[in-house]
Amino acid sequence: MKKFIHLGAIAAALLGLAVLGTSCGKDDPAPTDKTVAVTAINVSQPSLDLVAGGTATISWTVLPSDATDKSVTLTSSNPGVATVDNSGKVTAVAPGNAVITLAATNGVKATVNVTVSAATVNVAEVTLDKTELSLEEGEEATLTATVKPDDATDKSVAWKSSDEAVATVDNGLVKAVAAGTADITVTTTDGGKTATCKVTVTAPAPDAVTATWAFDVDHMASYSPTFTGIAEPNSSDGSYLGEPDAAAGDGGKFIESLEKNAKITFVNIDKTELDVNGKCINNVGKTGEPYVSGVWPGDYWLFTLAADAECPAGSKISLSSSFRASGTGIKFWIVEVLDGEEWVPAFETKTGSDGVDEITYNIELMNTTALPVEFEYTTKNAMKEAKVRFRAVSLACANGSARLDAPNGGTIRFKGADASPRMSFGK
């Protein structure tokens with residue numbers, strides 16, 4: 001009986017060893033919890049160039065491909081310049097630089113440099129501050145170009161002269177070379193927009209010329225014969241008394257200036273269509289003062305002064321004198337300048353009644369009282385010769401009561417001595 005129990009125990013022990021040997025065999029794998037870490041992030045573009053308002057998408061690859069956690073977070077170093085979302089979309093906000101960082105959860109990173117430039121604004125037009133420019137040879141002037149809109153991206157321009165023999169241009173600075181005309185054109189780099197200024201170059205203005213007269217006894221023999229047509233004094237007091245002249249014009253009679261560059265004449269209008277016998281008489285009194293009798297409205301004294309060369313627009317014509325009428329001489333006159341082709345008032349005029357007619361005048365003479373007349377006029381046209389006239393405009397007489405019904409003995413004269421006329425013309 002004891003032998004059976006012993007054998008059973010042995011059998012049970014052997015069975016346990018068999019089971020233990022099977023469970024500990026070397027071909028049975030041990031359980032594990034292994035994680036694959038991210039080692040790198042490769043981006044498709046290491047840098048981006050964008051225009052403000054534009055977008056681009058970053059793509060990337062996480063290595064190794066079997067990384068356990070491939071999630072990536074994207075951030076911008078400067079959201080004011082560029083923003084980014086987790087899909088990789090980059091939005092350009094404003095000009096500047098930003099760095100987009102891609103970061104794995106284990107700290108591995110990659111970066112993309114973003115440069116944002118301003119959006120392009122195209123040029124719409126260009127204008128110049130002058131469309132016409134007048135210069136003398138050797139003068140300079142600056143043209144200013146304005147490019148619109150104000151925020152155009154490229155506001156650069158180029159300058160060109162149509163004739164550099166007349167005028168050159170450098171960055172808007174125009175230099176007058178020689179007389180003539182040239183077009184200065186400015187052109188925008190963006191869009192080729194243009195604007196043009198016409199430049200007129202003239203020769204330098206000549207120096208102003210001056211003419212003087214000396215109406216006195218010492219000089220009267222030099223001008224009395226040419227003005228009266230009488231070779232010698234024909235009056236007991238030494239006066240030169242001319243003959244009536246009914247023909248229109250000045251009859252070739254004149255008083256030359258001391259400088260021999262100017263003349264004074266008296267011009268008798270054509271009165272053939274008028275009911276008057278218009279006979280003007282040129283005289284020189286005993287004091288040397290020239291005067292005319294038989295004057296009728298429309299007749300005029302004419303001053304003519306020639307310059308050495310053409311004077312440009314903007315030149316000055318000046319004249320000083322002393323004018324006088326006898327009692328029955330004409331009261332109202334207008335002083336005019338020939339500017340180009342047109343006679344214009346030399347100074348301010350008045351309009352009113354002479355008692356009968358409406359007239360325009362700028363001189364009103366009083367009985368035997370000398371009236372100083374002095375003015376300076378700026379020309380609007382280029383001219384080589386200055387002309388000024390004193391033209392009668394009314395039948396009213398200087399005594400304030402009479403009116404002319406025919407040319408009479410009333411006289412109109414220029415005072416002499418220190419009041420003798422003086423005239424100048426030029427810049």
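Quick notes on this one:
- The fraction of Cα-Cα pairs per 5 angstrom bin, counted from 0 for the stretch 111-258, comes to 2, 8, 12, 10, 7, 6, 5, 5, 5, 6, 6, 6, 5, 4, 3, 2, 2, 1, 1, 1, 1, 0, 0, 0, 0 percent, rounded to whole percents.
- Taking the Cα centre of the chain as origin and assigning +1 to Lys and Arg Cβ atoms and -1 to Asp and Glu Cβ atoms, the resulting dipole is close to 2560 debye.
- In degrees, nearest ten, helix 2-23 long axis to first principal axis of the chain (Cα): 20
- Modelled label positions at VAL217 and VAL356, each set 7 Å beyond Cα in the direction of Cβ, lie 4.1 nm from each other.
- The chain - share of DSSP beta bridges that are antiparallel (%, nearest 5): 90
- Directionally averaged shadow of the stretch 60-163, computed from the convex hull of its alpha-carbon atoms, nm²: 11.5
- Here the convex hull built on the C-alpha positions of the stretch 269-406 has a volume of 128 cubic angstrom per residue.
- Over 37 Å [Cα-Cα, the chain], rounded percent: 60
- One chain, two ends: GLU136 and ASP151. Fully extended at 0.36 nm per residue, the span grows by 1.7 nm beyond their Cα-Cα distance.
- Prolate/oblate/rounded call for the stretch 271-316, Cα gyration tensor, a/c under 1.5 rounded: oblate
- Heavy-atom accessible area, probed at 1.4 angstrom with all protein chains present, ranks SER318, SER65, SER71 as SER65, SER71, SER318, highest first.
- In order through the stretch 248-263: 3J(HN,Hα) via Karplus (6.51 cos²θ - 1.76 cosθ + 1.60), integer Hz, x for Gly, Pro: 5, x, 9, x, x, 9, 7, 10, 7, 6, 4, 7, 6, 10, 8, 9
- Counting only aspartates and glutamates at least 8 places from LYS271 when in the same chain, those with an alpha carbon closer than 16 Å to its own are ASP245, ASP250, ASP299, ASP405.
- The residues neighbouring VAL356, those whose beta-carbon lies less than 13 Å from its own, together hold a net charge of -2 under the Lys/Arg +1, Asp/Glu -1 convention.
- In sequence order, calculated HN-Hα J values of the stretch 268-285 (Karplus, 6.51, -1.76, 1.60; Hz; x Gly/Pro): 9, 6, 6, 10, 5, 8, 9, 8, 9, 9, x, 10, 8, 10, 8, 9, 10, x
- Order by protection proxy (mean Cβ within 10 Å, highest first), peptides 206-212, 158-164: 206-212, 158-164
- Given LYS253/LYS286; LYS198/LYS260; LYS253/LYS331; LYS350/LYS380, the pairs whose alpha carbons are separated by over 29 Å: LYS198/LYS260
- Computed FRET value (nearest 0.05) for LEU173 with PHE347, which takes r as the C-beta separation and R₀ as 45 Å: 0.70
The values are calculated or read from the model by the stated rules, or taken from the named source; none is laboratory data. As the structure is a computational prediction, the values presented were derived from the model and not from experiment. No Cβ is skipped: glycine too gets one built from the backbone with ideal geometry, and neighbour counts run over all protein chains shown. Quick note on the areas: whole protein, heavy atoms, side chains included, nothing else; ligands and nucleic acids left out. Shrake-Rupley method; radii C 1.70, N 1.55, O 1.52, S 1.80 Å.
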